[in-house]
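Q: Please see the structure below; I have some questions.
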Amino acid sequence: MKSKLWITALITSAVIATGCSANNTNSDSEEMDHSNMSEEEMKNMEGMDHSNMDMEGMDMENGHASHTNPLELNNSTGENELALPPLVEANDGVVDITAQQGKTEIFEGVQTDTYGYNGSFLGPVIRVSEGETVTFRTKNDLLEPTTFHWHGVDIPGEGDGGPHQLLQPGASEDVKFTVSQGAATLWFHPHPEGATAEQVYKGLAGLIYVEDENSKNLGLPDEYGVNDFPLVFQDRQFNEDKQFDYQAVRNEDGTIGDTMLVNGTLNPKLTVGKEKVRLRLLNGSNARNYTFKLNTGDSFQQIATDGGFLNEPTEMSEITLTPGERAEIIVDFSKYDASSDVALVNEADSILLPFKIDEQKTNSIEIPETLNDYVVTEKEKNLPVSKKLELFGMGEMVYINDKQFDINRIDFTQKQGETEIWEIYNKPDSMGGMTHPFHIHGTQFKIVSIDGKEPPVELQGWKDTVAIEPDQTVKLAVKFNNKGIYMFHCHVLEHEENGMMGQVEVQ
Ligand code: C2O
Ligand code: CU
């Protein structure tokens with residue numbers, strides 16, 4: 001108890017001294033329980049780096065990166081080869097997906113209690129094609145209710161797997177739909193009211209690849225596990241017994257951890273050829289943001305956003321993904337050799353994923369200059385705003401338009417097939433506020449503007465989740481191709497669970 005008060009005082013004074021918000025550290029001291037923190041974690045907090053904070057107020061530029069991720073990530077030692085999720089395709093039009101619990105050897109010689117789809121930890125990559133009619137045969141083998149939500153999938157509301165479609169333990173449900181969107185890297189995870197964050201934390205997350213005629217003909221690296229890799233980034237905190245104790249580490253402003261798992265692998269490395277390689281990045285974390293870059297300082301090409309290809313490969317030196325967001329990038333490893341020290345790192349230079357170059361493996365793939373024909377039309381640019389949303393608050397006091405989620409309240413209605421402009425404003429609080437990754441179910445939208453300006457080129461593509469910084473206003477062109485009730489929410493899972501979520505009914 002004594003140490004709890006002490007660290008509370010410390011954080012409070014740090015907040016006062018710098019005049020900025022503590023964001024994920026949760027300045028709401030009453031709620032804060034540090035009794036389970038190790039010495040080292042305490043020191044980390046004590047040594048929180050404020051040197052890059054603007055004393056005038058807040059470091060709006062990167063959405064308070066230094067505060068959003070106060071708990072540093074351990075470096076990957078690279079001792080384990082990255083796990084590759086099984087690739088699954090429909091068999092007679094059916095894909096079986098079972099949520100189950102199990103034990104996983106994440107740390108050598110230790111069994112950690114985990115959740116997974118069709119296995120003990122995480123899920124497969126489900127590959128479908130545009131135009132294909134497929135049945136996801138879902139089954140809940142957990143001892144608690146869950147749902148199966150298809151994040152980014154254009155699907156009727158009744159199959160979307162939001163909090164309305166609760167599946168009791170032992171129950172099964174067929175979700176049949178026709179894939180009606182273009183090539184994209186999507187994902188799936190549970191969405192039961194009040195238990196989403198914990199179920200995802202324990203391992204319920206998988207990927208969905210949509211392919212189409214375009215993606216099959218572009219000649220991009222597409223050999224699964226050879227030159228085309230899924231990378232699911234999740235930070236976790238393990239207790240002394242190397243177990244997940246979500247309730248003990250839960251942070252109302254987003255649970256973060258010091259241990260990086262990529263595809264569930266601790267201390268991963270990825271062996272790649274001396275060639276162009278496609279990496280499909282998913283930020284599958286509850287709350288942590290990542291700014292991915294190469295430790296060499298070399299650039300890479302971004303080829304896709306959440307919901308499809310960019311029109312052209314875009315040269316990038318780093319890319320930021322908030323929870324729920326995806327991006328596909330091409331890294332050219334042909335300029336390195338077996339002795340090169342190449343790794344994917346994040347902004348704080350923590351090593352996320354070191355690469356080992358296998359010089360025997362090469363290709364001569366040319367990345368095409370044109371990948372897609374995405375466009376925000378003049379008509380869309382000139383449409384009046386018809387839905388206004390204001391995101392506000394921190395911790396348990398998080399709101400959309402001053403309201404918290406109520407499963408019995410429909411917040412908006414929209415007509416099927418009709419494009420509307422949603423304007424979303426992230427209202428800062430007296431301490432600055434934080435970036436909220438805003439997500440809408442059942443659609444891919446277009447970012448029309450950010451603070452009145454055209455979005456940067458890497459956001460000129462289909463999106464289902466958009467990072468909105470404090471005081472930013474984002475306009476989206478949103479169209480639903482199906483009917484039903486869909487959620488929209490902050491993808492910091494604890495914010496979503498604390499009520500930063502609403503419902504739109506498409507009629
Ligand atoms: Cu990725 Cu409402 O979810
Ligand atoms: Cu949020």
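The values are calculated or read from the model by the stated rules, or taken from the named source; none is laboratory data. Computed from a prediction, not measured in an experiment: that's the story for all the values here. Cβ placement follows ideal geometry from the backbone for every residue including glycine, while neighbour counts extend to all protein chains displayed. These area figures cover heavy atoms from the full protein model, side chains too; ligands, DNA and RNA do not enter into them. Shrake-Rupley method; radii C 1.70, N 1.55, O 1.52, S 1.80 Å.
Q: Taking the range 449-469, which residues are buried (at least 22 other Cβ atoms within 10 Å of the Cβ) and away from ligand 1 (no atom under 16 Å from the Cβ)?
A: 461
Q: Only residues in the range 474-490 that are under 13 Å from residue 376 (Cα atoms) and open to solvent by 10 Å² or more (accessible area, probe 1.4 Å) count as the first member; pair them with residues that are assigned to a loop (DSSP other than H, G, I, E, B) and within 15 Å of ligand 1 (Cβ to nearest atom), Cβ under 9 angstrom, at least 6 apart or cross-chain, and list the lot.
A: Close Cβ pairs (under 9 Å, with a partner that is assigned to a loop (DSSP other than H, G, I, E, B) and within 15 Å of ligand 1 (Cβ to nearest atom)) amount to 479/443; 479/444.
Q: Only residues that are surrounded by fewer than 22 Cβ atoms within 10 Å (Cβ to Cβ) and of a type in the set (Val, Ile, Thr): list them for the range 226-263, please.
A: The answer is 226, 249, 259.
Q: Go through (1) out of contact with any strand residue (DSSP E or B) (no Cβ under 8 Å at 6 or more places or on another chain); (2) open to solvent by less than 80 Å² (accessible area, probe 1.4 Å); (3) more than 16 Å from ligand 2 (Cβ to nearest atom) one by one and return the number of the condition residue 432 breaks.
A: For residue 432, the failing item is (3).
Q: Right, next: Inside the range 328-354, can you point out the residues that are under 26 Å from the mean Cα position of the chain (by Cα), open to solvent by 30 Å² or more (accessible area, probe 1.4 Å) and over 25 Å from residue 210 (Cα atoms)? Give the steps one after another, and end with the answer.
A: Going residue by residue through the range 328-354, those that are under 26 Å from the mean Cα position of the chain (by Cα) are 328-333, 342-354.
Narrowing the set further to residues that are open to solvent by 30 Å² or more (accessible area, probe 1.4 Å) leaves 332, 347-349, 351.
Passing the criteria: 347, 348, 349, 351.
Q: Does any residue in the range 319-336 that is at positive phi and assigned to a loop (DSSP other than H, G, I, E, B) come within less than 9 Å, Cβ to Cβ, of a residue that is among the hydroxyl-bearing types (Ser, Thr, Tyr) and open to solvent by less than 10 Å² (accessible area, probe 1.4 Å) six or more places away or on a different chain, and which pairs are these?
A: Cβ pairs passing all conditions: 324/465.
Q: Suppose the filter is modelled with pLDDT of 95 or more, open to solvent by 50 Å² or more (accessible area, probe 1.4 Å) and polar (S, T, N, Q); does residue 362 pass it?
A: Numbers: modelled with pLDDT of 95 or more: no; open to solvent by 50 Å² or more (accessible area, probe 1.4 Å): yes; polar (S, T, N, Q): yes.
Here the answer is no, as residue 362 does not meet what is asked.
Q: Which ones in the range 249-278 are within 16 Å of ligand 1 (Cβ to nearest atom) and either closer than 29 Å to residue 337 by Cβ or not hydroxyl-bearing (Ser, Thr, Tyr) (or both)?
A: Residue satisfying the conditions is 254 alone.
Q: Could you grab me the full set of residues in the range 192-225 that are crowded, with 24+ Cβ neighbours inside 10 Å and within 16 Å of ligand 2 (Cβ to nearest atom)?
A: Once the filter is applied, which keeps residues that are crowded, with 24+ Cβ neighbours inside 10 Å and within 16 Å of ligand 2 (Cβ to nearest atom), the range 192-225 yields only 196.
Here is a yes/no grid of residues against (1) closer than 25 Å to residue 407 by Cα; (2) within 16 Å of ligand 2 (Cβ to nearest atom); (3) part of a strand (DSSP E or B):
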residue: 446; (1), (2), (3): no, no, yes
residue: 481; (1), (2), (3): yes, no, no
residue: 487; (1), (2), (3): yes, yes, yes
residue: 499; (1), (2), (3): yes, yes, no
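Q: Another question about this same structure. Could you please give the count of residues in the range 374-395 that are surrounded by fewer than 16 Cβ atoms within 10 Å (Cβ to Cβ) and among the small types (Gly, Ala, Ser)?
A: Adding up the residues that qualify gives 1.
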